[in-house]
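Following: one structure in structure tokens, then a few remarks.
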Amino acid sequence: MSKQLLLIIAHPLDHTVSNSQTIAKEFIKKYTEINPQDKITTINLYEQYIPLIDKDVLSAWGALQKGTQFSDLSKDQQQKISRMNEILDQFLAANKYIFVSPMWNFSMPPMLKAYIDNITIVGKTFKYTETGPVGLLTDKKVLHIEARGAVYSEGPMQDFEMSDRYLHKLFTGFLGVPSFERIIIEGMAQFPAEAGNIKSQAIGKAHKLAETF
């Protein structure tokens, strides 16, 4: 049975500059060879309109919860809520997700955080119960491909890594995703003499993971 894979890129530049996108291309190439029947949709968050949670969105949510009709919202509110619903519907229609991003200032690019805010929606990707929140994405898979100039997986900078840890905690601990894989490309700027070897190892991991993802 065919699956739908959503490739979510959070980088304003292309693969000639972005190491995370280079590894993602290798992964997709191998994945497609193994799963030719699957549908792959690519979105670049820097090339699409991703609404922020702002005054319009918060006031629209509040009004809708109180019974206001969608048609009675302002034009800006309608536009933003409609776009957020489109993003959420596209996300929910997929079975597998690949997030491709760099680490910037210890965290993720702002457009990726904005996207996460568009898909972390009560009643859709999680729900509240008497015992606390429960994730609803129990049949999904996530892969995070992240490039870091320095080494953050160990050593003195380990505690500063707040991007991959955030995504892992969000998807597995809050949204209920049972499978979260990662390919981390780190240290290429810190150790330029090892950059080629670091990239080669990441490509090898990408090819291997594509066989089972």
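The values are calculated or read from the model by the stated rules, or taken from the named source; none is laboratory data. Predicted model only: the values in this text are computed from it and were never measured. Because the Cβ atoms are built from the backbone with ideal geometry, glycine has one as well, and the counts that use them run over all protein chains shown.
Observations on the model:
- Residue match in the range 152-160 (condition: among the hydrophobic types (A, V, I, L, M, F, W, C) and loosely packed, with under 15 Cβ neighbours inside 10 Å): yes
- Of all residues in the range 68-77 being touching a residue at least 12 places away in the same chain (Cβ under 8 Å) and not aliphatic (A, V, I, L, M), the one that is nearest to Asn118 (Cα to Cα): Gln77
- Set side by side, the residues Thr42, Thr32, Thr22, Thr16 differ, and just one is on the phi < 0 side of the Ramachandran plot, polar (S, T, N, Q), out of contact with any strand residue (DSSP E or B) (no Cβ under 8 Å at 6 or more places or on another chain) and modelled with pLDDT of 95 or more, which is Thr22.
- Cβ-Cβ under 7 Å pairs, at least 6 apart or on other chains, the range 81-106 side at negative phi, far side among the charged types (D, E, K, R) and loosely packed, with under 15 Cβ neighbours inside 10 Å: Asn95/Lys3; Lys96/Lys3
- Candidate set: the range 163-193, residues that are charged (D, E, K, R) and more than 15 Å from Arg148 (Cα to Cα); chosen: the one surrounded by the most Cβ atoms within 10 Å (Cβ to Cβ): Glu181
- Of all the residues in the range 121-135, those that are crowded, with 18+ Cβ neighbours inside 10 Å and assigned to a loop (DSSP other than H, G, I, E, B) number 1.
- Long-range neighbours under 7 Å by Cβ, at least six apart or interchain, first residue surrounded by fewer than 19 Cβ atoms within 10 Å (Cβ to Cβ) within the range 137-150, second of a type in the set (Asp, Glu): Ala150/Glu186
- Gln37 falls short on exactly one of the conditions (1) in contact (Cβ under 8 Å) with a residue 24 or more places away in the chain; (2) surrounded by 12 or more Cβ atoms within 10 Å (Cβ to Cβ), and that condition is (2).
- Pairs where the first residue, in the range 8-31, is within 16 Å of Trp104 (Cβ to Cβ) and the second is of a type in the set (Lys, Arg), C-beta under 8 Å, 6+ apart: Asn19/Lys199
- Residue, surrounded by the most Cβ atoms within 10 Å (Cβ to Cβ), within the range 70-116, restricted to residues that are of a type in the set (Asp, Glu) and out of contact with any Asp or Glu (no Cβ under 7 Å at 6 or more places or on another chain): Glu86
- Residue selected from the range 151-166 under the condition polar (S, T, N, Q) and in contact (Cβ under 8 Å) with a residue 24 or more places away in the chain, by the criterion nearest to Phe106 (Cα to Cα): Ser163
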